[in-house]
Every structure is written in structure tokens, then in C-alpha cells.
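Written below as C-alpha cells is the structure these notes are about.
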Amino acid sequence: MTAQLTLDELAALMKSAAGLTIDPQDLANRADTPFAEFGLDSLGLLGIVGELENRQGRPMPTDAERCKTPRDFLALVNTGPDLVTTEYAGAEKAAVPTTGA
């Protein structure tokens with residue numbers, strides 16, 4: 001896994017932790033769409049958070065399992081000095097990393 005979680009990695013986690021096959025490009029195109037519309041419920045998101053905590057050996061930020069959209073989730077778990085922001089629909093939103101490159 002890269003220093004920051006990407007949409008590709010999030011899609012893979014959705015598959016391994018919740019059994020959902022989601023195209024990373026679909027996540028990128030609909031980053032502000034609620035997880036529920038992708039079929040991911042709060043228990044599935046909790047499974048993703050647990051998997052990330054196991055992989056990284058540290059707890060995820062508080063409330064990570066309560067994020068409603070992929071963009072919100074990535075912004076929260078990728079917090080740090082390297083987080084890039086961009087203007088989005090008139091409000092500043094976190095850029096969504098799509099790949100580990």
C-alpha cells in the first residue's frame with residue numbers, strides 16, 4: 001500500500017472486506033456518492049477500517065467508519081502534511097488519489 005490510500009486500494013478493500021466489486025474509475029467518477037449507493041453499509045466500512053488498521057499497525061482516525069463517501073473517507077485516512085486539496089464545486093475538497101503512482 002502507498003503512503004496514501006488510493007481509490008484503487010479502496011476498491012480492492014471493498015472487495016476483500018465487504019465482497020463488493022467496484023471499478024476504481026467508478027469510485028473516481030462518483031467520489032461524492034454515498035457508500036450505500038455502492039452497496040457498502042456501515043459494517044462493511046468498519047471491516048475496511050479494521051483491515052487498514054491491521055495492515056498499518058496503527059488505529060485509523062476517529063470516525064473513519066462513519067464517513068459517508070469515498071472522498072470523505074480518503075480525506076480522513078490520508079490526513080497529514082502531504083494531503084493535497086483542490087477546488088471542487090466552489091468548496092475546497094480533498095483531491096482523490098486514484099493510483100499509487
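The table that follows gives values for the structure above.
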| item | result |
| --- | --- |
| Extension gain from Asp32 to Leu46, taking 0.36 nm per residue of separation minus the Cα-Cα distance | 3.2 nm |
| Distance between modelled label sites at Arg55 and Thr21, nm, 7 Å Cα→Cβ extension | 2.0 nm |
| Relative contact order, percent, segment 1-43 [alpha-carbon distance under 8 Å, six or more residues apart] | 32 percent |
| Per residue, in Å², the accessible surface of segment 1-72 once ligands and nucleic acids are set aside, probe 1.4 Å | 53 Å² |
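The values are calculated or read from the model by the stated rules, or taken from the named source; none is laboratory data. Computed from a prediction, not measured in an experiment: that's the story for all the values here. Ideal geometry is used to build each Cβ from the backbone, glycine not excepted, and the neighbour counts take in all protein chains shown. All accessible areas refer to the heavy atoms of the entire protein, side chains included, with ligands and DNA or RNA removed. Shrake-Rupley method; radii C 1.70, N 1.55, O 1.52, S 1.80 Å.
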